[in-house]
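The values are calculated or read from the model by the stated rules, or taken from the named source; none is laboratory data. Computed from a predicted structure; not experimentally measured. Note that we place each Cβ from the backbone using ideal geometry, even for glycine, and neighbour counts take in every protein chain shown.
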Amino acid sequence: MAQADVAIIMGSQSDWPTMKHAADTLAELGISFEARIVSAHRTPDRMYEFAKGAKAEGFKVIIAGAGGAAHLPGMTAALTPLPVFGVPVESRALSGEDSLLSIVQMPGGIPVGTLAIGKAGATNAALLAGAVLALNNSDVEEALETYRAERTAAVAEFPVDDTN
Ligand code: RP5
């Protein structure tokens, strides 16, 4: 069984600077995770093995990030009953619009919960994973409440002049 509740998978090492935001957010919420590089087109056998075995390994949610012709989240979702959240990584050629459209346009029947391009998407994927886990875990529920309360408290009521 996996020691972690959430699997963060990504197509390439180059996705890590984006996907690290998901990892950091899960860590802040006290949620266990494991990050792996699993490419749909460079390591298809690894992808198949991972996705087929993810539930049996003990994972409860999968966060999948990929860029360009981003097949990884959809292919993974096709191979597992676990919820899959897709993060479009900002690509060099098309700034992530290609990634977004590749991930979000799943035909009806195999869902991928698709987030925003880049850092915001990676962060929110972790928060959504947390919301799923919180249904059966009061520690995560509390951590999510604290996360929101801290961000609410950090918003000043009035704007100030830029000091630069
Ligand atoms: C995708 O191709 C990866 O998810 C990555 O976003 C993109 C580019 O990969 P590299 O050429 O940087 O390895 O598979």
Of residues in the stretch 21-40 being more than 18 Å from residue 99 (Cα to Cα) and of a type in the set (A, V, I, L, M), the one farthest from the ligand (Cβ to nearest atom): 29
Residue match in the stretch 115-124 (condition: within 19 Å of residue 20 (Cα to Cα), within 12 Å of the ligand (Cβ to nearest atom) and in contact (Cβ under 8 Å) with a residue 60 or more places away in the chain): yes
Test: residue 77 is hydrophobic (A, V, I, L, M, F, W, C) and more than 30 Å from residue 141 (Cα to Cα): no
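Looking at the stretch 137-164 only, could you name the residues that are in a loop (DSSP other than H, G, I, E, B) and surrounded by fewer than 10 Cβ atoms within 10 Å (Cβ to Cβ)? Lay out the reasoning, then the answer.
Going through the stretch 137-164, the residues in a loop (DSSP other than H, G, I, E, B) turn out to be 137, 154-164.
Residues satisfying the conditions are 154, 155, 156, 157, 158, 159, 160, 161, 162, 163, 164.
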Close pairs (8 angstrom Cβ cut-off, 6 or more residues apart or separate chains): within 12 Å of the ligand (Cβ to nearest atom) in the stretch 86-110, part of a loop (DSSP other than H, G, I, E, B) and of a type in the set (D, E, K, R) anywhere: 96/90; 99/90
Residue within the stretch 97-107 that is at pLDDT 95 or above and within 20 Å of residue 137 (Cβ to Cβ) present: no
Residue within the stretch 6-20 that is in a loop (DSSP other than H, G, I, E, B), out of contact with any Pro (no Cβ under 6 Å at 6 or more places or on another chain) and either of a type in the set (Ser, Thr, Tyr) or away from the ligand (no atom under 16 Å from the Cβ) (or both) present: yes
Residue, farthest from residue 145 (Cα to Cα), within the stretch 13-34, restricted to residues that are in contact with a Phe, Trp or Tyr (Cβ under 7 Å, 6 or more places away or on another chain) and buried (at least 20 other Cβ atoms within 10 Å of the Cβ): 26
Candidate set: the stretch 41-79, residues that are under 16 Å from the mean Cα position of the chain (by Cα) and assigned to a loop (DSSP other than H, G, I, E, B); chosen: the one nearest to the ligand (Cβ to nearest atom): 70
Pairs where the first residue, in the stretch 142-162, is farther than 15 Å from residue 124 by Cα and the second is among the hydrophobic types (A, V, I, L, M, F, W, C), C-beta under 9 Å, 6+ apart: 142/134; 146/29
